[in-house]
Structure formats: C-alpha cells, structure tokens
1. Tell me whether the stretch C:291-300 contains one or more residues that are buried (at least 16 other Cβ atoms within 10 Å of the Cβ) and in a loop (DSSP other than H, G, I, E, B).
2. For C:Asn275, indicate whether it is modelled with pLDDT of 95 or more, at positive phi and away from chain B (no Cβ under 14 Å).
3. Which is aliphatic (A, V, I, L, M) and touching a residue at least 40 places away in the same chain (Cβ under 8 Å), of D:Leu380, D:Leu328?
4. Just wondering, is there one or more residues in the stretch A:186-197 that are part of a helix (DSSP H, G or I) and within 14 Å of another protein chain (Cβ to nearest Cβ)?
5. Pull up the stretch A:132-156, narrow it to residues that are part of a loop (DSSP other than H, G, I, E, B) and touching a Phe, Trp or Tyr at 6+ places or on another chain (Cβ under 7 Å), then point me to the one that is farthest from D:Glu352 (Cα to Cα).
6. Here is a check on your reading of the model: is A:Leu60 more than 26 Å from A:Glu253 (Cβ to Cβ), within 12 Å of another protein chain (Cβ to nearest Cβ) and open to solvent by less than 10 Å² (accessible area, probe 1.4 Å)?
7. Condition first: of a type outside the set (A, V, I, L, M), assigned to a loop (DSSP other than H, G, I, E, B) and under 25 Å from C:Glu46 (Cα atoms). Now tell me which residues in the stretch C:351-365 satisfy that.
8. Out of all the residues in the stretch B:20-40, is one or more within 30 Å of C:Arg102 (Cα to Cα) and either of a type in the set (S, T, N, Q) or in contact with a Leu (Cβ under 6 Å, 6 or more places away or on another chain) (or both)?
Number of protein chains: 4
Amino acid sequence: MTQFSKEVMHVGEMASGAALTVPVYRLKGEGNAPSVYIQANMHGAEVQGNAVIFQLLELLRNTNIKGDITLVPYANPVGCNHKNGEYTLGRFDPITGVNWNRMYHFDESIIKPFVRDSIGKDDKTIEANFKAIMINSIEQKLDHNIFGLTTGQRIAYQLQRLAHQADLVLDLHTGPISSKHLYCPEYAIESAKYFDIPHTLLIPNEFDGALDEATFCPWWKLEQAFAELGIKFSISSAHLNKESFTVELGSQEQIDLDVALEDAKSILSYLQYKNVIDTNEYQPQKLTRYACYLKDYKAFYSPMGGMVDYLAEFGKPLKAGEPLARILRMDNYHFEEKGEADPLHYVSLDQEVIPILHFASASVNQGTELYKVFTNFFILEE
Amino acid sequence: MTQFSKEVMHVGEMASGAALTVPVYRLKGEGNAPSVYIQANMHGAEVQGNAVIFQLLELLRNTNIKGDITLVPYANPVGCNHKNGEYTLGRFDPITGVNWNRMYHFDESIIKPFVRDSIGKDDKTIEANFKAIMINSIEQKLDHNIFGLTTGQRIAYQLQRLAHQADLVLDLHTGPISSKHLYCPEYAIESAKYFDIPHTLLIPNEFDGALDEATFCPWWKLEQAFAELGIKFSISSAHLNKESFTVELGSQEQIDLDVALEDAKSILSYLQYKNVIDTNEYQPQKLTRYACYLKDYKAFYSPMGGMVDYLAEFGKPLKAGEPLARILRMDNYHFEEKGEADPLHYVSLDQEVIPILHFASASVNQGTELYKVFTNFFILEE
Amino acid sequence: MTQFSKEVMHVGEMASGAALTVPVYRLKGEGNAPSVYIQANMHGAEVQGNAVIFQLLELLRNTNIKGDITLVPYANPVGCNHKNGEYTLGRFDPITGVNWNRMYHFDESIIKPFVRDSIGKDDKTIEANFKAIMINSIEQKLDHNIFGLTTGQRIAYQLQRLAHQADLVLDLHTGPISSKHLYCPEYAIESAKYFDIPHTLLIPNEFDGALDEATFCPWWKLEQAFAELGIKFSISSAHLNKESFTVELGSQEQIDLDVALEDAKSILSYLQYKNVIDTNEYQPQKLTRYACYLKDYKAFYSPMGGMVDYLAEFGKPLKAGEPLARILRMDNYHFEEKGEADPLHYVSLDQEVIPILHFASASVNQGTELYKVFTNFFILEE
Amino acid sequence: MTQFSKEVMHVGEMASGAALTVPVYRLKGEGNAPSVYIQANMHGAEVQGNAVIFQLLELLRNTNIKGDITLVPYANPVGCNHKNGEYTLGRFDPITGVNWNRMYHFDESIIKPFVRDSIGKDDKTIEANFKAIMINSIEQKLDHNIFGLTTGQRIAYQLQRLAHQADLVLDLHTGPISSKHLYCPEYAIESAKYFDIPHTLLIPNEFDGALDEATFCPWWKLEQAFAELGIKFSISSAHLNKESFTVELGSQEQIDLDVALEDAKSILSYLQYKNVIDTNEYQPQKLTRYACYLKDYKAFYSPMGGMVDYLAEFGKPLKAGEPLARILRMDNYHFEEKGEADPLHYVSLDQEVIPILHFASASVNQGTELYKVFTNFFILEE
C-alpha cells in the first residue's frame, strides 16, 4: 500500500497569535519517475481544488505510485478564512490588495552564472544543482531578510520551497463563474491533451509572480541560456521533464465532490502519461480542445454600469456581433418611446471569441471585468 | 395608453457629496381599485427584483390599469453599489452592520388614541385618517429630529412614506442561493395562491423592522384594537384590502430577464385577482403550495467549519435523516484508516423539512447559517 | 506568591478547520472575597483592554489576592483577526452584521419559578442555586440545540459561562475615537467613583444582549422579583455583591502600554474597594465625575455627507450652539460669493452636552454617527 | 480678481447608474508662467488634501496668479465613498485589489520616434508637440479600446489628461499614520527646499504607474533621449520647467483645516518660487531637511503577529538597536518565569534610520508593514 505521511506547515501568525498552518500530504513513490506537487485554494474563494485533492487521495490509496506526490489543500489560510459579507474574499490580501498568486519569487540573475559553472556537467547533476540553487534562493528570502517579508510572501515562499522539489507542478484554481481551462507553458502543449479540459492558454516564458511561472520559467530560462551557448539541455526530455500548470477547475465558491472526482481522474490521466503512476486506467476524454496564446486572452470591461444578464455560453465560439450580455439600467426606463435611453443594452464584440468566464456578480460598475474570452483561438485537437 | 411618470427621489448623500437617488415610476390607475407599491433591491445583492420591475413595466404598457401603481427599483443606492471583492455586500450597512430591512418605523402607541378618536366614523374616513397619521408619523421622523437619522433610516423612511400611500405592498427580495418563497401575513393566506411561488411563510402581527411588517402591522393592529371594542374594521374586506408581502424571487447576485418575465406575470396574476388591472390574462399556475408558520422556519447553523457540498434540493420534503450537505475537512485526511477523523461529514436533521435556501458560499465557519428550512409545514393547495 | 493557571478555550472553527481559541488566565484567591471576571477585545478593533490585562497580571504578581480572578484577553478570535483594508473590522460579524456584543443570553422566564422555589432559603443558598441555574441555562444553549448556534453565540456563551461564575464582571471595550467612560448599572453608582474614569453612564435593568447586562440583569431582576414578594435579597450587599461594568478605555486601534498601566491601577482601585485584593495601594484619583442616564446618551447623526474636522473636545461641557464639528464639502466651493453653497458647514446642538466620542473617520455619509454626547448630565462627584 | 471656473467631470458610473463625478476648479493665470495641476484624495482614506485645496482656494482668491492653476479634490469618487466598517478603504479598487495610484499610463515607445521628428525644432515647439502627443495617447486609451478600460483606468486617465496640460503637478496624498514627506524626482531636488516638509524621497526615472511618474517620466525620458543625440533639452530650465511631486501630508482619515492652511502656504511657497503667483508672501520655513533615495526607503514587515505599541517617533534619526515598537502577545503570558514566552517583544533595526510612517492599526499579522523608514539618509539642508 502507498506510503503516506502528513505534516502541518506553519506559514504565519495572526494578530492574536493564532498560527496560520497548511496541511501537507506526501505519498512516497516507489520508482524512478517524476515527482509531483499539487496545491489548491491559494485564492480564498477557489475551493474546488480541495475537493479534487480529496478525490486524488481516495484514488491514489489503491494505485501504484512511482514518483513522489505532495498535495497541499488550503494553501492560503488567510485567504480561505476571510469573509466579507457572505462571500470569501477571493484574490488578494485584504490589507494590501496584492494578488495572492503574484507573490512568488524568481530572480533571473541566478541563471547566467549558474550556466557558466555548469558547462561540462551532465544533465542530472545540473538538474540537482539547479534545484538546490532555487531552493536556496527561496530559503535566503525566508530566513535572511532584515526588513522581513510580507504576509503573502511568507506563505508563497514556503509553498514554493515545496514546489521546487518537484518536477511537475499543478496549481488548482477556479475562475469566478467559469468553464474549465488550463494555463500551460508553450513548450508543454502536448501535455494539455491529457487533461479533460477543453480550453488551453499557452503562456510564454515571462515571470509575473504566479506559482506556475515561478516553477517553469527558471527551467525554461536555463534551457535557453544553455541554447545560447549551443548546449542542449531540454527540460521537455523524459529524464528532466519540468512542467507546471495552473488548472482552472470551473467556478469559485462551490464544492462539488462528484465533479471533483472527474477532475481527479483528469489529473491522473496526465500523471499516468508522465509515468508518475503505474496504471493504464486513466485515459483522457475525447474532446474538441481549443487553445489561444496568453496575449490573445482578453478581458472585456463593461462599457457601462448596470445589472447584467450574462448570455454567452462558455466554451464554444461566439460569432462576431452575437451578444455577450444584456445590461439593465432601470434608472433609464421610458414609457412613451424607446431609443437612446432604452434600459436594456446588448454588448457584443466585433470578432469571433470563445467566452471562458464571466464576473461573479450581476452588478457591475463601468469598467468591471465582464467576460474573459479567447481571441485568435485555434483547435489543438478535435 | 397608461399614464406614466418618473421622478428621482433624493435619499441621502455620500462623503464626497454625491447624491444618493432612487428612481420612482408611477402608473396612474383609471378606476376605483387598490393602489400598489412595489420596490426592489433593498438588499444590495438581491438584484433580480429590478428585472421584474422592468418586465412589469413592459407588460403594463399595454394593460388597462385601475389602481395606481408605484414601482421603485434600486431602492437602496448605498447597498446596490457597495462591493467587497467581486460581490455586492448584501444585507447590512457596511459601517454599522444593521440590516437594511430592519430600519422601517412603526410606533404602536399611535393605535389606541386613534381608535378612540375614530369611533363612529365610517371605514373610508378611518382609512384616510389612518393613512394620514402614518404618513405624518414618518414625516416627523424624517424632518423633526434634532439628533438626526441614520443613513439607513433616511432611506427606509422615504420609501415607507411612498409605501404607506398604497393598499398593497410588495417588497422584492431574494435569498442567498434559494428557491422562490413568499412572506405573507397570516390573514392574507388566500392571496398567496395567486403567486406562482410554491412556498409560503405565514407571519404574525409582530413588527420587527421590515417593510412588509411596517405596512401591514399598523392596519392589523388597528383591526384588532377596534375588535377589542367590538367594532368590525376588516382590513381584508374588498373596500379596505391592506396586504403586504416580501417576495423572495430566488438567488442573489443574478439577473435573468426571462425568469423575471415569469415573475412579473405571477405578480400580475395577484394584481388581477385584486382588480388592480383590468384583464383576465394572468392566471396563477397549478402548483403544490407548501406553507409554514414563521416560528417553524428554522435556520440550521453549521455544526463545524469546513467546505460544503450542498446536497438537499430546494422545495421538496426531505425525510428525517436524509443529508442536507456533506462537509469536507481536508485538514483531517487519514490514509490508513477511516473513522473519527474522516474528512467528509454528512449533516442531517431528525425531522422532515423542506429546504428553502442555503448559504451563498461553500466555505463556512462553525455557526454559519447553512440552510433555512420549513419545519411542521403543511400543504396550502395541491 | 499568587497561584496562576492558564488554559486555552476552544470557541469555534473556521472553514479551513483552524481552531478559534481564547486564552483564559486564572488567579486563585486565598480568602473569602468576591470573585472577578475580566475580558477584553470582544470587538475586533478595541484592543487596548488586552494591554490592560497584561498590566493587571504584572501588578497582581506581587499582590495578595483574596478573590478568584479570571482574565480573558482576545475574547473574540474572529473579530480580532479580521482585517478589511488596514483596519480591524470592529463591531460585527462580517457575515451577518450582528454586533458581537449583542449575542449574550438571558431568558427572563427563569426568574419567577426560581423565586417561588427559593422562598425560605438563605441568601448564600439562593446565590449558589441561581449561579447554577444561569450556568445550566447557558450550557443547554451550547450543547442541546438541534438547529445549532451562530458563530457569535458559540463564542459569547462560552465567555458568559465563565462570567456567570464570578461576582464582579468587567468587559473592557473602547470607543472609536473616544474619552474614557464607564457603563454602570444604576444600583452600582457608588462603585463608579473608584474607577479613574470621569464619565459614567447609568444603565437600567433592561437586557439588550451585552455581557454586562447578561450578568447583572438576572441578579437585579431576581432582587426585584423577591422584593415584589416583600422579601429582601440585596445584590448590593457585601455578602452578595453582584456588579458588572463595561469599561470604555479610550480609542480603538491603539495599544499604549503606559496608559494601560494607569487603567490597570484604576481597576485595582475598584477591586481593592471590593476587598478582592489585600492592599491599600490603589486609591481612586480626584476627578470631576459626570454622569447621565442611558436614555440621555445621544448619538448625533451627520446632517450631511462630507469630510469632518472634529472640533469639540471630549469630556467637558459644550455650551448650546458651540460647534461640534465643521464639515467640508469641496464639491460646493464658489469663488465669487459665499452663502448657501459655502463649502464649510458648522454643526452644533441647541443644548449643553458633554461630547464623549466621535466617529473613527473624517469621511461621513449623511446619517453617519458623528458624535455621542451626554445630555441632561449631572455631577456625580467633584 | 482671479478668474475662476468650475466644471464637473464624469469619470464613470456605478451598477445603479449613479454617475461618478469629480469637481474641477480652474484659476486663470494672467501672465507667462508655468501652469499647475493639483489633485487630492486618489486614495479613499487620504482626505486631508481636500482641505488643503480648500485653503489654497481661500488664499488664491486674493492673490495675483500668473500661471493657470487646476485643482481637483475628491479625485477618486469610488475610493472616497467606499466604507468597510467605520473606515474608508484606502488604497485599492475593492473589486480587483489594484492600487488606485498605479493605473496611470506611459508608453515609453512614443519617445524615440518623437525625438527623431523633433530634431531642429525649438524648445517651445517641441514642448507643445510633446504635450499634444501625450494627451493624444491618453485619449486613444480612453476612447478607442474595443475591450474597454478598468474602472480605475477610466478615472486615472481622465485625471492624467488634465495633468498633462500642466507644467507642475502636485498629487496630494497622506500616509497611514505618518509624518509629512515628499516624493521628488531626483532632478528637482532644489524645489524640495521650498516645501515645509522635512523629509524628501528622491525618485528615479522609472515609471511604476503613479501620477507623479506618469507626468515627469515622459519629460525626463525625452530629455535623456535628446541628450543621447547630443541635443540639450532641459526640462529643469525656466522656460520648460516640468516637475511633479507626490506630497504626503501626514495621516489618513483626518481633516484638520488649521494644519491644511499651513500646508497650503507651503505649496504657495513652492508656486511663488516657480513664479506661478505674483507675491513674495510665502517663504519656506527654516527646517532641517532630510532626504534619501527611493531604493533606500524601506518597509519593515512585522516579524510576528501581535498588538503593537508603536514607540519610534517620526522624523528624527533613530539609532541602531533603539526600539521601533513593542509587540504584545497576550496568548504567551507566563506568571512564574520570564523568558522565551515573554508576552512583550521589542523590535529594532541594526542600522540608523528615520521612521517616516507606521501602520494604521495596532493589530498586525506576521508580515504586516509595520514602519517605513529612511535608511542611508542625508541632510539636504540644515
């Protein structure tokens, strides 16, 4: 039976002295295979990933595991307990406004000297040294900063220290009200086909503070730095195999254990493809898979204040000119005529898009992010 | 064609001096019929009533109207524009915590002297005098208070001044995530059958600050005070006809104009029954209608903190012992055994109930209101 | 040396499973003297009481203690860790809006049957029985409620269970920006002179949900119920001695350990007067002490929105017509003339008052509570 | 007498349709002198700048004005009306968390082509053309973006459009609890001596989204781009004279009209130095002025959760090792011994600093920004 352990990681403390803790579950792999790090609930309202980790643990109880797997639910104990009214404050530190998923660390200046020192070494040595240097860099930040760390950095860096020890990293998120979609580094596009997720965002080699970027960008930069010297160091090769994904599971503020079981199987399909688990039970579904590049993933901001009846269905192409939403403005009702002051306004775009998610509330200000859509999308697999 | 007018009511001002305004739409009736007051969105997140008012106006454009109808969307301009994170702060003044729908006014001490003065007068005179005294009482509060009014009182009293001018009052609300249900004074139970709403709460003659109570309790107390003197003054009689309802339209944070059209028709079915509109187009649907008394409408508070997969369907009887929800506690996962620390907890009640609504978020603290349920319910109509 | 013990009381749990705990410090008295319960920080932003408990413990280390003393800092672990922006959400449950200090319990219906059963018993037996019945009543609420308790009730009832075991109860609060003042039951007016607090509010025998009321009202009602039967049972007598106070220490969001030392000494002056401690070190300061009845303690709500320059000093009589504040409205500046649109508005009252506290922010809406003032005040001691 | 005009600028609308407006006051200069733009209250809680604008208008009524002056109080109508509990949400959009003062626009790519096109033109022509191109760039963002703008961008860009029309820009802010300090571009260091502000932060030519940067960085970059071609275009010369400052007036959530008068005089001292006003009434105070570079302005994050007694005085050097604050942890009190669990923790730094501001609340989490301090500071003027 799978070797299992649990620890409680101390990531901070509140004004009353209450400890902020995160549970860490570890499954010991019994072979030579990539190791995996999966976390959930970095954004407070995005809870479904916890249910997916539950179902993963239930499924993995009776699975032969070759690579080590670390699972971290409730990754952000401030966020997941922070209520404002009935809802959970989703995305940012309530004191500072900083997005909880923009606080990870990557100092690109470590790459060049590391490459110089590594010339002539074999891939496995380079890999081990680079892991060590990344972990050391995080530990320096955690322990040797006389001016201290923000609350969010202290949490993020401790999670990142765990993530750097793994080869494959999955950060489980959700949208506000959302279809399932996957953030995937451009070089890992083939892996996207193993998740039961019909929409893939291809992201470039640019660090913007998120966990997926913090874990794949260093390796990708490393590969590029070697390539500039004419040295091949392929992080996509089977013996290195560094991949990170942000998995958007659907809508926030919801737990559905049945859907979570499907999502857990989708993740196991990917892990089986990567030989982390020793089974052939989990096959990806046949799906039409759409993709677009991150630069083409557009937020559409409301052109007016009002109350929104969201019309566009998620996940399938919406023709140019077809309405995304109709916005009600009951301060503008006129009985005698219709026209400029009509209280119903239809909003649409002049190009074909795939709606992926929309805002969590019907009430929007002028400038609230109404929808996020794929533009210039293409079919990855049919 | 229906006579229509619109005004903008000034109900307060913000720190920057920005005016808080509420649009008031009036339709002029052309006959001798009860007058109607309908408002929506007193709680910030409960927006669907605005869409119902839109559909009512659309339907009433071409309807013969006998009684005056006043419609007030966006009744609470503080609440409906107040965001905390992505959601609208629902239920209370963000500064004081006071529920926006507990600020209306009724001073019961006006009843006894009024009754003494009214002995021997005819019903219509009494009605006119009592309306006047109620409106005067509100205007005293609005205009002659050296220590001032709270922000919420100033809004509520101005709405109440409009509502007191009508015979029939509908306050459009929603639950958090909710089925449709109706708060109905006990004496008006027959009217409940004309709404397309399968669940009715029967409320007693006790003022607790809400608009429906603030408008029907005075009349009911008046009827009772006359009755104590052996004088019949029936507010249910066709020539007096005082009724107030809080109409719970479904879930908050949502606008659905198609559903709003159905709800508008349901309200017109009631208004047709009351002869406010001159048509026979609007008939109530055949529904199994359940009712319970307010004292039997129970909130069930979560026995633990956790993340909730809500299981019980709304609106139909749930047998004793059947699960309402299962609560996930991923800090408690154990691999080797199951038992006391099992991360999934099922919660149920030991009596049959009808679940009516549940909390808006999957994340709950110990003691968060998980469900509200009818107990000791009965069938009003089948 | 004083006998000291500490325990950690579990009062709830958050969505992540994080335990809500409260530290409870107990000092064992060595004589026949009243027992004492002191708590702080029930409202999240009102933190100074924690510092006062710190200083009390420092002073009591070397004091002979006759009555048992229980001290509870951080009484509300939800409130004291709840940030919205940079500030601590002060007064209410962020989910429901219910004031944390309106959730205590008193069921007056227990009084009459208890009195009937107690006729002929001696005071000490009655006292012991009544304590038992009050504690039992709370424990019933805590443990035997199939529909559960709210988050705030679960916290409040556990604190109340501790408080009922004491004779003297002090609940340490602060105002927003505030002078020191004391809520004192009318019958305990003499005790008010032993605190170094110049303003006393005399409160009647009416339960409104606060801890002081929840602990003195039952005894006062009991005294009255006996009195109605012509039986003397005096809770002010030295051998019964039931008193409860809400001590308002100054302004919220501030810790000042030096001021806390003064406040600790003021509390010890009271405890010395009550023979709880065996010393004569602590004498009340000579102060002009003002008092008013609770009905004369008035909130003054802003007559307009704007930005407030608070002018009136706390704690000394302000003549009728003297300005409380001037309110700036920069949207109304006119260069050519002054007059109706003058951007500076002075607000005053037409009676003499003593300003006690004002709102925490300069930005107010029309209807925000601007000041709280004593009206019809009188001098308690000069 | 000074020519005065007022307009109301529409910067957005809320869900109810309520317009978001900003008052704009313009004073017409009567000579050849730099024009000035001054705004206040971009961060909701930072209200004192409105009072300073009031006092500026009062003083300028009777002053000969040579350059045009535009004054904008209440610059952010969302922020300044947004309450969470009693306080105003200070720094960020409550929906997105984005800092309101990081949303201005500067597209550096306009510089190089502009410089190429400007070779051989005179300074005044270049200046006029560059103003035009900056304003055009903002107007493109405002009016021609098919995916729309965020709520904050729409506000910021409209303010920025006004600011670009001026030569001298002052953005009035405050700290949380704070001394007065000034953000000053490095090249404008001489001007810092004309404000009555003892602490100056020298900021480099890097755009980070704030208004001061958005208005001086383009000019500085332009000067540098010309310099690279060996062409002198000095924005510090009397005939160009482009300067922008963020003026931190003290603490947030406070209006003090008397202090505002002093601050208005300090600003007039600067404007007199710049020949904007025709008077010699306003002379800077004799002050010891300290400065440090932005890279040396350090935030010190709390090493622990707790309740803070802030000890360090603002504005004067604090020796290495001297305490900044003591942090109370009442969950850790021990009676018998002192030592590791001592509830009082002193925090200090191992270098000399000048404390400039501290956090707004006594309650801090581990990682909350406790103090901001000048390190490596130097004396600008004695």
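1. Kept after step one, since they are buried (at least 16 other Cβ atoms within 10 Å of the Cβ), are these residues of the stretch C:291-300: C:291-293, C:296-298, C:300.
Now narrow it down to the ones that are in a loop (DSSP other than H, G, I, E, B): none.
Checking the stretch C:291-300: not a single residue is buried (at least 16 other Cβ atoms within 10 Å of the Cβ) and in a loop (DSSP other than H, G, I, E, B).
2. Values: modelled with pLDDT of 95 or more: yes; at positive phi: yes; away from chain B (no Cβ under 14 Å): yes.
Against the criterion (modelled with pLDDT of 95 or more, at positive phi and away from chain B (no Cβ under 14 Å)), C:Asn275 qualifies.
3. Values: D:Leu328 fails: touching a residue at least 40 places away in the same chain (Cβ under 8 Å).
The unique qualifying residue is D:Leu380.
4. Kept after step one, since they are part of a helix (DSSP H, G or I), are these residues of the stretch A:186-197: A:186-194.
Checking which are within 14 Å of another protein chain (Cβ to nearest Cβ) leaves us with none.
No, the stretch A:186-197 contains no residue that is part of a helix (DSSP H, G or I) and within 14 Å of another protein chain (Cβ to nearest Cβ).
5. Looking only at the stretch A:132-156, we keep the residues that are part of a loop (DSSP other than H, G, I, E, B), and these are A:144-150.
Filter once more, so that each one left must be touching a Phe, Trp or Tyr at 6+ places or on another chain (Cβ under 7 Å): A:147-150.
Working: A:Phe147: 13, A:Gly148: 17, A:Leu149: 20, A:Thr150: 22 Å.
The extreme case among them is A:Thr150.
6. Numbers: more than 26 Å from A:Glu253 (Cβ to Cβ): yes; within 12 Å of another protein chain (Cβ to nearest Cβ): yes; open to solvent by less than 10 Å² (accessible area, probe 1.4 Å): yes.
Taking the combined requirement at face value, the residue satisfies it.
7. Here is the first cut: in the stretch C:351-365, the ones of a type outside the set (A, V, I, L, M) are C:351-352, C:355, C:358-359, C:361, C:363, C:365.
When the remaining residues are screened for being assigned to a loop (DSSP other than H, G, I, E, B), the result is C:351-352, C:359, C:361, C:365.
Scanning the stretch C:351-365 gives C:Phe359, C:Ser361, C:Asn365.
8. The answer is yes, given that some residue of the stretch B:20-40 is within 30 Å of C:Arg102 (Cα to Cα) and either of a type in the set (S, T, N, Q) or in contact with a Leu (Cβ under 6 Å, 6 or more places away or on another chain) (or both).
The values are calculated or read from the model by the stated rules, or taken from the named source; none is laboratory data. The structure displayed is predicted, hence computed values, not measured ones. When we count neighbours, we look across all protein chains shown, and the Cβ atoms used for this are built from the backbone with ideal geometry, even at glycine. We work out accessible area using only protein heavy atoms, side chains counted, and drop any ligands, DNA or RNA first. Shrake-Rupley method; radii C 1.70, N 1.55, O 1.52, S 1.80 Å.
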